[in-house]
Amino acid sequence: MVYIRFDFDPLKAKEIIVYLAKRRKELTKSPATIRDILKLMYFADRLSLQKFGRFLCNNNYVAMEQGPVPSEAYDLIKEVREKGDEDNIHGFEVYNNYRFRILRDADLDYLSDSDILCMNEVLEQYGSLSSRRLMEESHDSVWKNAWDSYPEDRSVPIKISSIIETLSDNDNLLDYLIEGNCD
């Protein structure tokens with residue numbers, strides 16, 4: 001079995017976080033939490049994988065207790081939480097340990113039309129759900145299979161093939177990704 005791993009794009013990830021957090025706040029009238037954004041990123045990545053054969057900013061996923069987590073985006077958020085964003089290079093701050101303060105609009109030059117389409121569809125479907133409901137929705141078969149396979153771990157890698165298995169036309173998609181990831 002080929003293990004597919006993506007090269008994370010941190011510049012694009014920052015803009016995705018800003019875009020989702022700002023829109024989430026508009027929908028719920030309260031600041032987005034880290035967990036909210038990580039769940040919305042997961043749903044947007046699943047949709048983008050289904051429609052366009054790719055993740056938005058090429059996160060690799062892990063299963064954690066509260067659901068699937070885009071690992072590199074989470075690391076980026078934790079870094080901003082610890083160090084702040086004095087120079088406004090990230091476009092957001094994290095306060096009270098888990099809430100987002102958006103400092104500017106997302107730079108749409110980093111986002112494709114298909115990225116925005118997927119994020120908007122996900123925001124329409126999930127954007128106004130409570131944080132608890134978002135977490136529950138993310139506890140799907142992909143997360144469950146990974147989490148149950150190593151119950152003693154706090155972070156279990158999720159194979160992209162397990163995400164693909166839940167999507168329609170999954171055989172063609174897996175072949176497409178394997179061909180694109182093999183040199």
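The values are calculated or read from the model by the stated rules, or taken from the named source; none is laboratory data. Given the structure is predicted, the values throughout are model-derived calculations rather than measurements. FYI the Cβ positions are ideal-geometry reconstructions off the backbone, even for glycines, and counts take in every protein chain you see.
Across region 119-138, the number of residues qualifying as closer than 11 Å to residue 67 by Cα and either surrounded by 16 or more Cβ atoms within 10 Å (Cβ to Cβ) or β-branched (Val, Ile, Thr) (or both) comes to 3.
Among the conditions (1) under 23 Å from residue 144 (Cα atoms); (2) touching a strand residue (DSSP E or B) at 6+ places or on another chain (Cβ under 9 Å); (3) at pLDDT below 95, the only one that residue 65 does not satisfy is (2).
Within region 151-168, track down each residue that is farther than 14 Å from residue 67 by Cα and outside any helix (DSSP H, G or I). Spell out how you get there, then give the answer.
Within region 151-168, the first condition is being farther than 14 Å from residue 67 by Cα, and the residues that meet it are 152, 159-162, 164-168.
152, 159, 165, 166, 167, 168 - these are the residues of region 151-168 that are farther than 14 Å from residue 67 by Cα and outside any helix (DSSP H, G or I).
Among the residues of region 43-88, those identified as assigned to a helix (DSSP H, G or I) and closer than 17 Å to residue 113 by Cβ are 44, 45, 47, 48, 49, 50, 51, 52. One residue stands out in region 22-56 among those that are of a type in the set (A, V, I, L, M), within 14 Å of the chain's Cα centre (by Cα) and surrounded by fewer than 24 Cβ atoms within 10 Å (Cβ to Cβ): the one that is farthest from residue 139 (Cα to Cα), namely 49. Candidates are the residues of region 99-150 that are part of a helix (DSSP H, G or I) and hydroxyl-bearing (Ser, Thr, Tyr); the one that is nearest to the chain's Cα centre (by Cα) is 138.
Being polar (S, T, N, Q), touching a residue at least 24 places away in the same chain (Cβ under 8 Å), surrounded by fewer than 16 Cβ atoms within 10 Å (Cβ to Cβ) and closer than 23 Å to residue 27 by Cβ, is that true of even one residue in region 106-116? Yes, some residue in region 106-116 is polar (S, T, N, Q), touching a residue at least 24 places away in the same chain (Cβ under 8 Å), surrounded by fewer than 16 Cβ atoms within 10 Å (Cβ to Cβ) and closer than 23 Å to residue 27 by Cβ. Say we look at region 162-179 and pick out the residues that are modelled with pLDDT under 85 and hydroxyl-bearing (Ser, Thr, Tyr); which of these is nearest to residue 47 (Cα to Cα)? Among them, the one singled out is 168. Pairing residues of region 1-14 that are farther than 16 Å from residue 105 by Cβ and at pLDDT below 60 with residues that are loosely packed, with under 12 Cβ neighbours inside 10 Å and not aliphatic (A, V, I, L, M), at Cβ distances under 9 Å and at least 6 apart in sequence or on separate chains, gives 2/182.
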